[in-house]
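Participant: Handing you a structure now.
The values are calculated or read from the model by the stated rules, or taken from the named source; none is laboratory data. Just so it is clear, the structure is predicted and the values come from calculations on it, not from any experiment. A quick note on method: Cβ atoms are made from the backbone with ideal geometry, for glycine too, and the neighbour counts reach across all protein chains shown. Quick note on the areas: whole protein, heavy atoms, side chains included, nothing else; ligands and nucleic acids left out. Shrake-Rupley method; radii C 1.70, N 1.55, O 1.52, S 1.80 Å.
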Amino acid sequence: MAEAQNIPVGSNTTGSIAVAAESTVATRMSAPPSYDVADFPVPHGREEEWRFTPLERLRGLHDGTAEASGSLKAEISAPDAVTVETVARDDARVGRAGTPVDRVAAQAFSSFEKATVVSVPKEAVLDEPIRVGLHGEGGVTYGHTVFELGAFAEAVVVIDHTGDGVRAANVEYVLGDGAKLTVVSVQDWDDTAVHCSQHNALVGRDASFKSVVVTFGGDLVRLYPQVRYAGPGGEAELYGLYFTDDGQHQEHRLFVDHDSPNCRSNVAYKGALQGEEAHAVWIGDVLIRKDAEGTDTYELNRNLVLTDGARVDSVPNLEIETGEIVGAGHASATGRFDDEQLFYLMARGIPEYEARRLVVRGFFAELVQQIGLPDLEQRLIAKIEAELEASVA
């Protein structure tokens with residue numbers, strides 16, 4: 001039978017576990033996706049999937065008034081074995097990994113002019129990462145990118161978002177059987193940027209997918225990582241790190257759809273918040289369908305509130321349609337600095353600011369180490385420390 005674990009959480013954290021009967025799961029996790037914007041009503045903020053999002057800060061991405069008027073500078077650096085193509089939306093490789101699940105994602109799909117397809121041939125093992133730099137230069141832009149790995153290929157992808165603008169995009173990751181892909185998506189936008197993106201991963205038989213999402217910048221960032229399995233034996237690891245500052249809204253909504261037997265998923269997101277009106281939202285949804293026997297899944301969210309005035313909403317959800325699984329559970333917690341940790345460090349002559357820095361660095365260290373690229377890890381640690389320094393400046 002399923003295992004479910006819950007730990008004590010703060011008053012702004014909720015969660016649920018449901019063991020479903022054979023009937024269709026009647027929640028938003030099973031709502032039919034669509035490429036057609038008209039299939040999604042304009043949200044008003046009372047809907048479950050929009051209740052945490054300040055719609056007025058989406059700059060029209062949700063209601064169709066945001067017309068493409070901006071520019072985005074894109075640079076792709078890849079090893080020789082990789083193929084980079086620009087294709088039309090009717091290319092057979094576009095849309096394979098998943099369909100838009102909300103109005104903004106559908107708007108992005110209907111609005112992009114050309115899609116970018118990055119392909120790694122079967123059995124190729126890349127010794128250097130594929131690096132994608134996306135620098136906003138103002139205005140509204142839409143995009144669609146597909147990363148496709150052939151059977152038994154191995155690759156690391158780094159997507160770096162910087163600059164300013166209003167951006168809505170869909171990103172697809174298609175893994176062939178036995179393939180291994182690590183993706184690091186960094187949101188280091190200017191403080192005035194808006195970024196909404198759906199990340200769709202389709203994990204092949206016995207394939208391994210690792211996603212590391214890092215969010216620092218932007219006025220509003222709303223990301224929707226989603227995983228499905230194309231065959232048994234697939235593994236997905238979804239890690240996230242976010243630092244929400246004064247006035248920022250950062251929202252991460254995850255969905256892992258266990259629709260194949262003997263697959264595994266592990267989700268771990270951690271965030272720190274500081275400043276007035278800092279708002280972080282984490283939604284973790286896992287659905288285990290009736291045919292997904294042998295599933296092993298766990299999701300975790302931790303939040304560290306550094307100052308008064310910050311708000312966290314953390315909602316893990318788990319739905320199970322079969323009891324023939326290895327294990328399933330979730331945990332969520334939000335709290336302040338551990339006074340005992342600070343006292344321990346300060347009692348040994350470490351100044352309070354330095355003690356706080358060490359605690360925060362240790363809080364994020366496990367996730368940063370998942371990246372596996374020393375230059376990027378050092379950059380992110382430096383960014384975290386710069387955020388802390390700004391709070392005491």
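Participant: I need the P(r) histogram for segment 268-327: all alpha carbon pairs, bin width 10 Å from 0 out to the longest distance, whole percents.
Facilitator: Pair shares across the bins are 21, 36, 22, 15, 5.
Participant: Right, another one. Along segment 93-100, what does the Karplus equation 6.51 cos²θ - 1.76 cosθ + 1.60 (θ = phi - 60°) give for ³J(HN,Hα), rounded to whole Hz, x for Gly and Pro?
Facilitator: Karplus values, whole Hz, x for Gly and Pro: 7, 7, x, 5, 7, x, 10, x.
Participant: Step through the table entries K180/K290; K73/K114; K122/K210; K122/K290; K210/K383, compare each Cα-Cα distance with 24 Å, and write down the pairs that go over it.
Facilitator: Pairs exceeding 24 Å: K180/K290; K122/K290.
Participant: How large is the accessible surface per residue of segment 45-134, computed with a 1.4 Å probe and reported in Å² as a whole number?
Facilitator: 53
Participant: What FRET efficiency comes out for A151 versus V326 if R0 is 25 angstrom and r is the Cβ-Cβ distance? Round to the nearest 0.05.
Facilitator: In this case the efficiency is close to 0.45.
Participant: Give me the three principal axis extents of segment 154-264 from the C-alpha atoms, as integers in angstrom, largest value leading.
Facilitator: 43, 23, 20
Participant: Residue by residue, what Karplus-based ³J(HN,Hα) values in Hz, rounded to whole numbers, does segment 264-276 have, using 6.51, -1.76 and 1.60 with θ = phi - 60° and x for Gly and Pro?
Facilitator: With the stated coefficients, segment 264-276 comes to 10, 9, 9, 10, 9, 10, 10, x, 10, 10, 8, x, 5 Hz.
Participant: Let me ask something else about it. Want the number for D127 to A74: 0.36 nm per residue separation, take away the alpha-carbon distance, what's left?
Facilitator: Taking D127 through A74 to full extension adds about 16.8 nm, to one decimal.
Participant: What helices does the chain hold that run 20 Å or longer along their axis, going by alpha-carbon atoms, with a Kyte-Doolittle average of 0.0 or more, using DSSP H for the helix calls?
Facilitator: Correct list, ordered by number: 352-368.
Participant: Sorted by accessible area (1.4 Å probe), largest first, how do L58, L134 line up?
Facilitator: Most to least solvent-accessible, the answer reads L134, L58.
Participant: Keeping the other protein chains in place, figure out the carbon and sulfur percent of the accessible area of the chain, with a 1.4 Å probe.
Facilitator: Carbon-and-sulfur percentage of accessible area, whole number: 47.
Participant: Additional query: Could you check how many percent of all C-alpha pairs in segment 306-393 are farther apart than 14 Å?
Facilitator: Counting every Cα pair in segment 306-393, those more than 14 Å apart make up 76 percent.
Participant: At q = 0.10, 0.17, 0.20 Å⁻¹, what base-10 log of I(q)/I(0) does the Debye formula yield for segment 234-366 when every alpha carbon is treated as an equal point scatterer in vacuo?
Facilitator: The computed values of log10 I(q)/I(0) come out as -0.41, -0.87, -1.04.
Participant: Also, I was wondering about something else. Take the alpha-carbon centre of segment 217-256, take the same for segment 143-208, and report the distance between them in whole Å.
Facilitator: Here the answer is 11 Å between Cα centres.
Participant: In square nanometres, what is one fourth of the surface area of the convex hull spanned by the alpha carbons of the chain?
Facilitator: 18.9
Participant: While we're on this one: In terms of solvent-accessible area of protein heavy atoms at a 1.4 angstrom probe, what is the ranking of D160, D285, D39, highest value first?
Facilitator: D39, D160, D285
Participant: At 7 Å along Cα-to-Cβ for each site, give me the label-to-label distance between A88 and Q369 in nm.
Facilitator: 5.1
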